[in-house]
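See below for the structure under consideration.
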Amino acid sequence: MSDRPRARVGALLLLASGACVAHAACAGPAALPPEGAVLSAARFDLAWANGRAVRQDDGALRWVTDRGHEVTLRRGQLATYASSIAECDPGVLASLLAPLGPGLAHAGHGEAADPSTVAGVIETIGAEVPLAQGASAFAPKDYCRAHWVAAPADASTRGAVEAGMEGASLVLEGEWSRGGATGTFAWRSTVATGALQELPPLTGSAVHVTVVRSLDTLLDGIDFESATTASAGRAVLLNLALQTLIEARPD
């Protein structure tokens, strides 16, 4: 990854960290374990927990939201922009955890990304098989957390051009019904989001990180009859931040 993309990834990592302010697993530096793990390699997978969502014969996913809408998701794509692990240094983590509004990204900082950072990829939301995002090797350092960012894709994001996702972080298309009301939705968002969570105790110098997102809570809180593309996109990306679970184990 060149210096210029690393700088942009660093900015997005910082921005999307604001989403952690509302996450139970995102405590400030004072809550860090006294010691992290000295790591020099990391591997990242991206996965989905589909929960109540049922895959249909045509490949669509169907479930009922918390507001009672029966939703059929026919196209769902997410731009994971970067994943990394985060140092234990309190100064680094304080900047990552700086509150940035309601938890979604809007404006930039210029800090560089950690050398553990792996580049982005376009995901199919609700995929049955975890997606290998990538791996990194770097000089040994003390690490305490793992970090995941979804943000607008660019030409360097794997699969972005083919999927028509350049400039977008999220695309959702499908149908909904509730009572006698029915409708369709086609949402495209440019908002960024993310999660920053503690690593468990680890042995060895390599870590395998799996970022697990919840599908059946993805559309919680949305009133399909009144939602706009902008409001729905923000709600979906905030739901992602709040419901993401980052798992880690020695590799």
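The values are calculated or read from the model by the stated rules, or taken from the named source; none is laboratory data. Please read these numbers as outputs of a predicted model, since none were measured by experiment. Cβ sites come from the backbone with ideal geometry, for glycine too, and all protein chains shown count toward neighbours.
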Next item on the list: Residues being touching a Lys or Arg at 6+ places or on another chain (Cβ under 6 Å) and surrounded by fewer than 16 Cβ atoms within 10 Å (Cβ to Cβ): count how many of those fall in region 41-50.
Entry: 0
Next item on the list: Check region 204-227 and report whether any residue there is without any contact (Cβ under 8 Å) to a residue 24 or more places away in the chain and closer than 21 Å to residue 66 by Cβ.
Entry: yes
Notebook entry, point to check: With 166, 162 as the choices, which residue is over 14 Å from residue 80 (Cα atoms) and among the charged types (D, E, K, R)?
Noted result: 162
Check: Any idea which residue in region 231-241 is modelled with the lowest pLDDT, counting only those that are under 10 Å from the mean Cα position of the chain (by Cα) and over 11 Å from residue 221 (Cα atoms)?
Finding: 241
Note to self: Can you pull out every residue in region 51-69 that is in a loop (DSSP other than H, G, I, E, B), in contact (Cβ under 8 Å) with a residue 60 or more places away in the chain and either in contact with an Asp or Glu (Cβ under 8 Å, 6 or more places away or on another chain) or surrounded by 11 or more Cβ atoms within 10 Å (Cβ to Cβ) (or both)?
What the structure shows: 51, 52, 53, 60, 65, 66, 67, 69
Notebook entry, point to check: In this structure, is residue 137 modelled with pLDDT of 90 or more, surrounded by fewer than 20 Cβ atoms within 10 Å (Cβ to Cβ) and over 18 Å from the mean Cα position of the chain (by Cα)?
Noted result: yes
Note to self: Going by what's in this entry, would residue 214 be described as closer than 17 Å to residue 75 by Cβ and of a type in the set (Gly, Ala, Ser)?
What the structure shows: no
Next item on the list: Could you tell me which of the residues 222, 246 is surrounded by 15 or more Cβ atoms within 10 Å (Cβ to Cβ), at pLDDT 95 or above, among the β-branched types (Val, Ile, Thr) and part of a loop (DSSP other than H, G, I, E, B)?
Entry: 222
Next item on the list: Among the candidates 137, 150, single out the residue that is over 19 Å from residue 53 (Cα atoms), out of contact with any Gly (no Cβ under 9 Å at 6 or more places or on another chain) and not β-branched (Val, Ile, Thr).
Entry: 137
Margin query: So the check is Cβ under 7 Å with 6+ separation or different chains; which pairs have a first residue in region 129-140 that's within 16 Å of residue 39 (Cβ to Cβ) and in contact (Cβ under 8 Å) with a residue 40 or more places away in the chain and a second one that's of a type in the set (A, V, I, L, M) and exposed (fewer than 15 other Cβ atoms within 10 Å of the Cβ)?
Written below: 140/38
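To keep it simple, each residue is scored yes or no on (1) modelled with pLDDT under 95; (2) within 25 Å of residue 140 (Cβ to Cβ); (3) under 18 Å from the mean Cα position of the chain (by Cα).
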| site | (1), (2), (3) |
| --- | --- |
| 7 | yes, yes, no |
| 11 | yes, no, yes |
| 24 | yes, no, yes |
| 35 | yes, yes, no |
| 41 | no, yes, no |
| 48 | no, no, yes |
| 65 | no, no, no |
| 91 | yes, yes, no |
Margin query: So, in region 180-215, how many residues would count as being in contact with a Lys or Arg (Cβ under 6 Å, 6 or more places away or on another chain) and modelled with pLDDT of 95 or more?
Written below: 1
